[in-house]
Amino acid sequence: MAAAPVWSVDPRTGKQREQVAVEATAEEVDAAVRAAHGARAALADRTVRAAFLRAAADRLATAEDRLVEAADAETALGPVRLTGELARTCYQLRAFADIVDEGAFLDVIIDHPDDTATPPIPDLRRYKVPLGVVAVYSASNFPFAFSVAGGDTASALAAGCPVVVKAHPDHPALSELVARLVRGAAAEHGVPGGVLGLVHGFEAGVELVRHPLVAAAGF
């Protein structure tokens, strides 16, 4: 697969603007997935996960003006709609951080041993564990809430699963900006930037879902 430029398109005129990204090759998709896979251990600590999610929300909220401007330039959805959607996205990240802290999502079940039972009952313990790398496919009409840092990404990270996002072609520049902010939040807490990968291009999306290290996909 040859690399090709990804251009930002003005939704009001339909004209191409500056080049904002390059369509990912199969090798680049593989590198992004492997970097995400390598970041799993950094998400093992629930305290770190929760702090990372809250830091991501804080960074997005602090960059509100810049994010809304970038989103409106690519989508023409309007500052009012986009400001509300960004607030929703920040809320989602913080809400999932609270769920991580609370811990009930682990669904822990402990059956204590009982040698007097027939047959004897061993010590059995069950709890949920992360699946692995999750692929997330962004939506066109929700550039914040169902995109790079939206609910699918937030829930996967909260569960301890690194994410590789396939950016939507309608807002590539915004996708890059959001990814940088989230990776900055990861760095605050010692989490590798590969915990959130980002790729562009239709074929990259196909390569992503086919990758043997991708355990689940969210649309």
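The values are calculated or read from the model by the stated rules, or taken from the named source; none is laboratory data. On a predicted model such as this, the values are computed, not experimentally measured, just so you know. A quick note on method: Cβ atoms are made from the backbone with ideal geometry, for glycine too, and the neighbour counts reach across all protein chains shown.
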Residues satisfying the stated conditions in the range 139-157, i.e. under 12 Å from His171 (Cβ atoms), under 10 Å from the mean Cα position of the chain (by Cα) and of a type in the set (Ser, Thr, Tyr): Ser147
Qualifying strands (runs of 3 or more DSSP E) (wholly inside the range 127-219; at least 1 residues being in contact (Cβ under 8 Å) with a residue 24 or more places away in the chain and crowded, with 23+ Cβ neighbours inside 10 Å): 133-137, 163-166, 196-199
Identity of the residue in the range 13-40, acidic (Asp, Glu) and closer than 14 Å to Asp170 by Cα, that ends up modelled with the lowest pLDDT: Glu18
Considering residues of the range 72-91 that are polar (S, T, N, Q) and surrounded by fewer than 22 Cβ atoms within 10 Å (Cβ to Cβ) only, the residue modelled with the highest pLDDT: Thr83
Enumeration of residues in the range 86-130 that are under 29 Å from the mean Cα position of the chain (by Cα), of a type in the set (Lys, Arg) and more than 30 Å from Arg66 (Cα to Cα): Arg126, Lys128
Sole residue being out of contact with any Pro (no Cβ under 9 Å at 6 or more places or on another chain), of a type in the set (Val, Ile, Thr) and under 27 Å from Ala32 (Cβ atoms), chosen from Val100, Val108: Val100
